[in-house]
Structures are given as structure tokens and as C-alpha cells.
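The values are calculated or read from the model by the stated rules, or taken from the named source; none is laboratory data. These numbers were taken from a predicted model, which means no experiment stands behind them. Every residue, glycine as well, gets a Cβ built from its backbone with ideal geometry; the counts of neighbours run over all protein chains shown.
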Amino acid sequence: MAKSNLVIVESPAKAKTIGKYLGPGYEVKASMGHVRDLPKSKLGVDVEHGFELNYQPIKGKEEVIDELKKSAKKSEKVFLATDPDREGEAISWHLKEMLGIPDDKTYRVTFNEITKKVVNDSIAHPRAIDMDLVNAQQARRVLDRIVGYQISPLLWKKIRRGLSAGRVQSVATRLVCEREADIKAFVPQEYWSLDADLSRIAPNLGQFKASFYGREKKVELNSEAEVNAVMEAVKNAPFAVTGVKRQDKQRNPAPPFITSTLQQEASRKLNMTPRRTMSIAQQLYEGVDIEGEGTVGLITYMRTDSLRLSDEATAAAKEFILSRYGADYYPGKARVYKTKSGAQDAHEAIRPSNVNLTPEDIKKSLTAEQYKLYKLIWSRFLARWPPPCTTACPSRWPPRDTPSGPPTRPSSSPATPPCTWRGRTRRRRRSSPPCPI
């Protein structure tokens, strides 16, 4: 009997989806995340001898490890298909070490999206485990331990037991403390605003508000005396609109989602916590049973800092927009967004795996939260293609370089009717410095 190939993923849902795509020649099993880690009861890092790490099997994973060992032993090839990030690369390395898989039968594969085409292409083009990524993840774990195991006992002593701290909480705490110090050192400043409630005279009835700006440049009012001086200067002078300038303003569509912007928009629009957002996104990535389609991975990998999109996704979006909305909604040239400097750019931006699966078409197959998040991702992906939205807006008038402030008596031109006014002032006090973030 010919040996089958073993594919190891992290979650059962992902195993189910990939198993349907690969067919009977492959056995797909889930490791349920990490299989070994540093011990919880001690540091687990030998600082005196080259930071040697003392890994131990995770308690409760014995049955999973034994089952994976048996399957790996009888398989011709073992494909390690954990998530395409540093954590996933480290899990693949731990699996290889724990299961005793020889180098010549170990293959590393990653899926940016779980679709039949991508899964089969990845299996056909495997690679070796990237030890640079593995070591990067190990360095992070070591830093967690060295920092956390020294700071946490201090928290237990000074605040209460059970608290934990590490490389992230320590830096965040320092930022909060520095900000609090800035607030305490800030000297409160008094400033005033002066508004005029203006009423247009017949035949152009109506009301609007005008705010004091200054004469040749913006003037800050820092005392009641300064406010009174301005009010006295304009008290007997009629107000007039000397000009209105309108200009077209363009609003470009937002770029596709990365991890941070997805969490922000889901929190703002869907009232989801970042943890809940990533949990639902993981479900959409690993695969959902869609009526008439089977198990389908609906979005690309959701942990990314890149705004890049594949040529295949760009071509699919163009075809979808032209067929559904028409040529007016496609600019002719794909809009390219620049990824921030320092980004790893390891994966594409978050997008639907198949743009033709619209949220409305698959709504019955999704939970309420899955539908809302998928619709958010699908809509954001398509919104980047149409031309900018152009609106006519009144600009600041007079412009900054034009004299303003206490008006002179206007001419009697009917195009610039005078106004009646009522002054309104507010006294304010800045109690903290402006936030730099």
C-alpha cells in the first residue's frame, strides 16, 4: 500500500477545509497550536550559558503529540502548514523537533488564503523551515521571560499578586507615566473665542455663525480685555459677506485593511473588541461551510502590515466592477498604496479570497458577526477602485493672507448684503498639553 502524505495545520477547522481540497492522497491533522513551550514554573532560559532554552511538552497535549508521531512515521512526506508568520514558523520547527521528522521528508508550506488553487500551488512548491523567523520568535519569548520574570514579582509585592508584566506592558507603562508627567508640568493657559451670530437681511433671510480670526493673520484672544476691544471695534460697523470661494475637493478611498486598521474599524463600526475581531477573522480565514460551495476560506491571512495586493486579486476586482457597476467605477489604472516604512510586507493586505462571493449571497451561511466582518472587509477592498469622490466645498474666506477682522463699512452692492449680529464669547482654559499622538 502506497504511503500517504501528512499535512499538519494548527486548527481542526483549517484541517477540514484543506483536507477537502487535497483529496485522498493526503492526511490532514491539527496540532491545536503549540505542542511545547518554556515551563510555567521557572524561567526556562539559561542566561549564563548562551541563553539555552528548556522546552517542555505542553501539559494536556500528550495524546495529540502521540497521534502526530504515529502519522508522521508512516507518511512519505510531512508538510508543515502552520500559519504564515513567525509564530507559525516556530510551531512548525517545534513539530519537526518533537515528532523527530527527518530533514529529507520535512516540507514547509504556507497559505496566504485557503482556496483550492492556493492550497494546491503551495503543496506543489514547498520550502525549508526559515530559521531566521524561528529565531526571531524565540528571541521574543526569551525577552518576555527575562523582563516578565523580574518585573512581575515586583508587582505582586507593591500592588497585588496575580499581575503580570513583560516587554509590552513595561513600555506602555512608561509611556503613560511620561504623559502624566507632561500633564502635571503643564501651565494652564486662558484663551477666549469670539463668535458672531449673524442674520441675513431680506430678501436672503437666514442665520449663520462667524468666528473671529484676526486681521492679516490669526490672532489669539487671551483675556477678556482683548475680547472687549474687538467687540468695541465692530460694535457700530455693519457686517458684510465680501466673497465666497468654492473649490472642488477630492476624497480618495481608504486603502485595504491591515491588522491594525481592521481592528479599529471593527471597533468603531461593529463595536467589536480587537480580540473578538481577530477571532472572527480567523474563522473566515480558515473556512466556512457555504451553501453550494462547500468549505471555503473567505479572506486572506489577517495578520499583516502590508497594503500590497496580488495581480490575481487586482484582475478579479477589475472584472467584477466592470461587469456589475460599469466602466465609470473603474479608473482604468489600479490605485497603489504605499506601505509604511518599517513594515515587514510579508503578506498581502486583508481582502476577500473570492470577490464574487458577495456578503448578501452568502449571508445565510454565516453567523451575524461573520457576516458583518466579512461585509466590512469585502466593501473596503472594492471601495479602493472607483475614482475619487469630488465635492464642491466653500473654503476659508477671506483666505489667510487676506486682511480680516473688524470689517470696514461695505459698499452698497446688492451682491454683498449687510448683516445684523449678536456677539457670543466663551472663556476656556487649557488644563493639559495637546496630545502628541
Exercise for review: Those residues that are assigned to a loop (DSSP other than H, G, I, E, B) and either of a type in the set (Lys, Arg) or without any contact (Cβ under 8 Å) to a residue 60 or more places away in the chain (or both), I need them from the range 34-49; list them, please.
Suggested key: 39, 40, 41, 42, 48, 49
Study note, to complete from the structure: Within the range 317-360, residues modelled with pLDDT under 85, touching a helix residue (DSSP H, G or I) at 6+ places or on another chain (Cβ under 6 Å) and buried (at least 17 other Cβ atoms within 10 Å of the Cβ) come out as 330
Review point. Of (1) touching a residue at least 12 places away in the same chain (Cβ under 8 Å); (2) assigned to a helix (DSSP H, G or I); (3) out of contact with any strand residue (DSSP E or B) (no Cβ under 9 Å at 6 or more places or on another chain), residue 117 satisfies all except one. Which?
Key: (1)
**Study point:** Cβ-Cβ under 6 Å pairs, at least 6 apart or on other chains, the range 304-316 side crowded, with 17+ Cβ neighbours inside 10 Å, far side part of a loop (DSSP other than H, G, I, E, B) and among the hydroxyl-bearing types (Ser, Thr, Tyr)
**Key:** 306/339; 307/337; 307/339
Exercise for review: Output the residue which, of all residues in the range 273-332 that are among the β-branched types (Val, Ile, Thr) and in a helix (DSSP H, G or I), is farthest from residue 33 (Cα to Cα).
Suggested key: 321
Exercise for review: For residues that are in a loop (DSSP other than H, G, I, E, B) and of a type in the set (Val, Ile, Thr), scanning just the range 91-114, find the one that is farthest from residue 13 (Cα to Cα).
Suggested key: 101
Point to revise | Residue match in the range 210-227 (condition: more than 30 Å from residue 118 (Cα to Cα), hydroxyl-bearing (Ser, Thr, Tyr), assigned to a strand (DSSP E or B) and more than 19 Å from the chain's Cα centre (by Cα)) | key: yes
Point to revise | Hey, residue 64 touching a helix residue (DSSP H, G or I) at 6+ places or on another chain (Cβ under 8 Å) and within 27 Å of residue 303 (Cβ to Cβ) or not | key: no
Point to revise | Breaking point among (1) at negative phi; (2) surrounded by 18 or more Cβ atoms within 10 Å (Cβ to Cβ), for residue 44 | key: (1)
